[in-house]
Amino acid sequence: MSFLDRRIHLVTGKGGVGRTTVAVALAHAAARAGRRVLLAEIGDPEGGYSAIGRKFGREHLTPEPEPLAEGIMGCQLCAIRGHELFVRSVIPAGPLIKAALASKPLRRFLVAAPSLHEMGVLYHILSLLKAKDRQGRPRHEVFIVDMPATGHTLALTSLPAIILDLLPVGPMARAMREGQSYLNDPTKAAAWVVTLPEQLPVSEALELLDGLRSTEMPAGGVILNRVPEDPFTEEERDALALLLDEKPMHGEVAFRRIGSAQISTAHLKQRTSLPVWELPEIFGPGDEEPAFSLADILAPLIAGTS
Amino acid sequence: MSAMTLTRLIHEKRVVVCCGAGGVGKTTVSASLALAAARAGRRVLVITIDPSRRLAEALGVDRDLAEPVALAPERARAVGIEEPGRLSTWTLDPKRISDRVVKRLSRDPAKIRALLENRVYKNITAMIAGMQEYTAVEALHEFVTSGKYDLVILDTPPSRNALRFLDSPTRAATFLDRRILRLFVPGEENRIRQAASRIIEKVLDIALGEGARKELQEFFQLFEGILLHLNRNQGEMKKFFSGDGVSFLLVTSPARAAVEEAFYFEQKARELELPLAGFVLNRSLAWASNRPMPHRSLLDEDASEVEVSALRKMRGLAKPEKDRGMRHLELLEELRRRSQGKGFAWVLPELAAEASDLEALSQLAEHLSEERPQPKRKPPRKRRSKSAVASVKKAS
């Protein structure tokens, strides 16, 4: 099952690991492979800036998909939109919905209760997955979601089970079962854990994989970002280690990172049987790596089977 | 009042709240700061709300503890903590705090039982936005007033918008707003309102099913008393956070997005009149910016071929590292300008090893507590080749 064959990908990982950059790079790579890509992020209920939008030079994204680049549409997943779509699907139009959704306390309630917020997001995701074009093909073939920090990912993937426990029957239960039919099916969905080749990020990535497993969300693999290149032979490394003990110089921090990255990478690979994709460390302006060049490296990986 | 310094912060404050974007190393900074304060003889508690509980890992204490745990005496001594100094750690469990509040505030045992068994309440942290942050504040208050600690350091949860922490009591209160309650708990309101509630009830019945709607209603009825307490506490908490013994520390990494978030945070904190202590620029190469470039003159006359080629390859790593170091220095200057007269901008190095064990934390603690001058920008030199030679000479 290759990346390109699946419908939805959740790109997750803790803050600061370059998750958004990786999500954008994956979108570029999938678009180059000729797929109609939808790249989305979860909108902050209190507003705020768009991390994905900024990678494409715009301040905001809307809940309605709009073109970001060749083959890539982008949107912000919005809980309120999901709630509206949901209510409209269970109650045939009419003044009842209007009256209910116009109620300010209800709106505040929907925003302030996180699980209801996640439920709105999930419903929005579902509606985008089901959207068809005029020929009846899926409008968005590959749907990539840049997930916010770890906790939120697990909140979303565990939501269907929690809701089904609270409400085993009824329209919301049906919606949650439909959500599960996508998210828990390894031929349709995968979560990708982005992390760094360092000790703590690796242990957190492993923890997140455990968490995903417990929510029955299939994991596609680990994307190891900012892996430093190692230009040295073993003898050279030993010689440098001795020299650096006596004489500090520029490059020392990078040199030491090479060693610790190799240890962490080996540890990760030993602990997981999932594919581990390594992306090199590329420093762009402002300590940010360019997503576009990462897409070159990802292109063959997402086409292959894994 | 004179400007806040990091030393004063460690010695004088009762509460330090570390804020910043996810992934900037807030937890590491919190722990190092705590270690530095404990070394200075204070009884310190670090609270982390980070679900991954990295701090516990770094400090080698078990997770899911009901009460804070102090670092074992022999381990404490190994990192330079002497009596009366003490370093305790605790990771927050929102549900536990919430249960405690329920038990404290409700006098009716049957009501307490009904609430604790309510399915909606069982998912309370998933049900109420800001509950996690709110309970952190509640716990903080409890520990500060217990008299067991001289200093409590709070590591705030990572989130794209780290500001959520600041207005968490407001957010919890938003959810628990009486107007929202009225949706579920019919009162002696006027007839129009009653009609509106009936419509909403009907919609909820269709969407959720009648059973779940009733359970939700029961939850709100039982939680109403707690709500009143939460709302009343809000003002008290605000006063507590603006008080003299409290300081907010903005932690950032050199990454642009993290810095922007720190600036946004700073502005917001000023609006809310929260006492800002200053910035900590973490994982910076500014410390290393004065080092020499790898150069043949660093080797002995009779250096081996391997050494020569290793050093040549090292130049490839050195150039970007030097450039980043210079950028970090500029950033540090900007942070200093921003905090001039009011606070400080401190810089921590990017450690070659991971700051994941006590030894590494202790290294960082040294950087935090020493009064030595921080890296400064050298005056620009005219020619590159000369400066490389000059700095090499200086280093040898």
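Computed quantities for the displayed model
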read-out: Sequence of B:276, A:128 once ranked by neighbouring C-beta atoms within 10 Å, starting from the fewest; value: B:276, A:128
read-out: Pairs from A:14/B:26; B:111/B:214; B:26/B:239; A:14/B:13 whose Cα-Cα separation, in the structure shown, is over 23 Å; value: B:26/B:239; A:14/B:13
read-out: Computed [θ] at 222 nm, deg cm²/dmol, chain A (DSSP H ≥ 4; -39,500 (n - 2.57); rounded to nearest 500); value: -16500 deg cm²/dmol
read-out: Two-site label geometry, residue A:131 and residue B:272: point separation in nm, points 7 Å out along Cα→Cβ; value: 3.5 nm
read-out: Length added when fully stretched, residue A:66-residue A:165, from 0.36 nm per residue minus Cα-Cα; value: 32.0 nm
read-out: Likely footprinting exposure, A:132, B:238, fewest C-beta neighbours within 10 Å first; value: A:132, B:238
read-out: Long-range HN-HN contacts of residue A:68 with modeled amide H, under 5 Å; value: A:73, A:74
read-out: Residue among A:251, A:221, A:82 with the largest mean-square fluctuation in a Gaussian network model of chain A, springs linking Cα atoms under 10 Å; value: A:251
read-out: Difference of contour (0.36 nm per residue) and Cα-Cα distance, residue B:242 to residue B:11; value: 81.3 nm
read-out: Spacing of the two label points (7 Å from each Cα toward its C-beta) at residue B:96 and residue A:216, in nm; value: 3.0 nm
read-out: Hull shadow area, averaged, segment B:209-324 [alpha-carbon convex hull, nm²]; value: 15.6 nm²
read-out: Ascending count of other beta-carbon atoms within 10 Å, so fewest first, for B:11, B:367; value: B:11, B:367
read-out: Zero-based 10 Å bins, Cα pair distances in segment A:1-66, whole percents; value: 18, 52, 27, 3
read-out: Modelled FRET efficiency - R0 45 Å, residue B:148 with residue B:319, Cβ distances, 0.05 increments; value: 0.30
read-out: Within-12-Å neighbourhood charge of residue A:262 [Cβ basis; K, R +1; D, E -1]; value: -1
read-out: For A:237-247, mean number of other protein chain Cβ atoms within 10 Å; value: 4
read-out: Computed lengthening from residue A:247 to residue A:59, 0.36 nm per intervening residue step minus Cα-Cα distance; value: 63.0 nm
read-out: Residue mean of other protein chain beta carbons inside 10 Å, B:312-324; value: 6
read-out: Point-to-point label distance, residue B:303-residue A:90, nm (Cα→Cβ direction, 7 Å offset); value: 7.2 nm
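Since every read-out is calculated from the coordinates, none of them should be taken as a lab result. Everything numeric here is computed off the predicted structure, so don't read it as measured data. Cβ coordinates were reconstructed from backbone atoms using ideal geometry, including for glycine residues, and neighbour counts include every protein chain displayed.
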